[in-house]
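Everything below concerns the one structure shown next.
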Amino acid sequence: MAATGPDLYEPLQIRYPPSPPAAPRSPPAASRRASGTILAVGTAVLLVLGAALAALVILHVQGQAELQAARAELAAAGNPLLPDPNGPWSPRESSAAAQRRKDQLGRWLQGLALGWRYHEGRIYFFSGDRKSWGDAEAACRSAHAHLVSVTSPEEQDYLAREARGGSYWIGLSATGPGGSWRWTDGAPYSQAKSFWAPGQPDSTDYGQWGQESCAQIHPVGNGLWNDHNCNFTFLWICKRDLSPP
């Protein structure tokens, strides 16, 4: 038998050099843009939420300040008249009259919590909807108030500032004798102490709609007065005096 040589079928082990590590693949441009957009939107949402939260905090602080101011003024006004919280407002006032006054003060403070604004012994309501002048006055009366009268430069400045450039009905109309102007709450009207915009009132005639016979705070002239047709709809302002009747 011939000598045996190496086994030609012996399995061979082939060793390959290790492959170099694959370089990290950059995300497609579209994915990068999408990620950037999501980040921008998220940032914008956070900014909006932050601004909204800040606005709510400011409104809350302002509302609390108005409530505290009203309570402080009422307490100061009541001290000389009401040393005993459970007694009459004056020696000549009955317990029933004192209770009516206390109830009225309670309604005023409740009004502040319902959106009325306190300023210098009065509370004001700036509407969020539009009505004709007559319907606006009826809405104020339903809240035991009237469309606002303006009796001083300081009050005019306050109303013009709070109107923030809007058009609001006020309680002045040409319904007196001979078409003279008068306030619906009975406050005296004086042409010399009025705050009409230049050239107003001009009593423009709207034909079948009638003439301009009702007054409004108007953006022209930084909240000065303009006369307008009473049948048109605008925002409106109510006023209640804090002096007990």
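Checked across the range 163-170, the condition of being touching a His at 6+ places or on another chain (Cβ under 6 Å) and under 14 Å from PHE234 (Cβ atoms) holds for at least one residue.
Considering the conditions (1) surrounded by fewer than 23 Cβ atoms within 10 Å (Cβ to Cβ); (2) in contact with a helix residue (DSSP H, G or I) (Cβ under 6 Å, 6 or more places away or on another chain); (3) not small (Gly, Ala, Ser), TRP236 is excluded by exactly one of them, (1). Of all residues in the range 150-192, those satisfying the criterion of being within 18 Å of ASP227 (Cβ to Cβ), under 20 Å from the mean Cα position of the chain (by Cα) and in a loop (DSSP other than H, G, I, E, B) are GLY166, SER167. On the stretch given as the range 193-229, residues that are in a loop (DSSP other than H, G, I, E, B) and either outside the structural domain of PHE125 (by TED's automatic domain parsing) or over 25 Å from ILE123 (Cβ atoms) (or both) total 12. Each residue in the range 115-149 was checked for being assigned to a loop (DSSP other than H, G, I, E, B) and of a type in the set (Val, Ile, Thr), and 1 of them qualify.
Residue-by-condition table, conditions (1) of a type in the set (Val, Ile, Thr); (2) modelled with pLDDT of 95 or more; (3) farther than 13 Å from GLN216 by Cβ:
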{"residue": "ARG130", "(1), (2), (3)": "no, yes, no"}
{"residue": "TRP133", "(1), (2), (3)": "no, yes, no"}
{"residue": "ALA136", "(1), (2), (3)": "no, yes, no"}
{"residue": "LEU147", "(1), (2), (3)": "no, yes, no"}
{"residue": "TYR158", "(1), (2), (3)": "no, yes, yes"}
{"residue": "ARG161", "(1), (2), (3)": "no, yes, yes"}
{"residue": "LEU172", "(1), (2), (3)": "no, yes, no"}
{"residue": "GLY176", "(1), (2), (3)": "no, no, yes"}
{"residue": "PRO188", "(1), (2), (3)": "no, yes, yes"}
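Is it the case that some residue within the range 172-183 is among the aliphatic types (A, V, I, L, M) and out of contact with any Gly (no Cβ under 7 Å at 6 or more places or on another chain)? So far as the range 172-183 goes, yes, one or more of its residues are among the aliphatic types (A, V, I, L, M) and out of contact with any Gly (no Cβ under 7 Å at 6 or more places or on another chain). On inspection, SER203 qualifies as of a type in the set (Ser, Thr, Tyr), modelled with pLDDT under 95 and at positive phi.
The values are calculated or read from the model by the stated rules, or taken from the named source; none is laboratory data. All values reported here derive from a predicted model rather than from experimental measurement. FYI the Cβ positions are ideal-geometry reconstructions off the backbone, even for glycines, and counts take in every protein chain you see.
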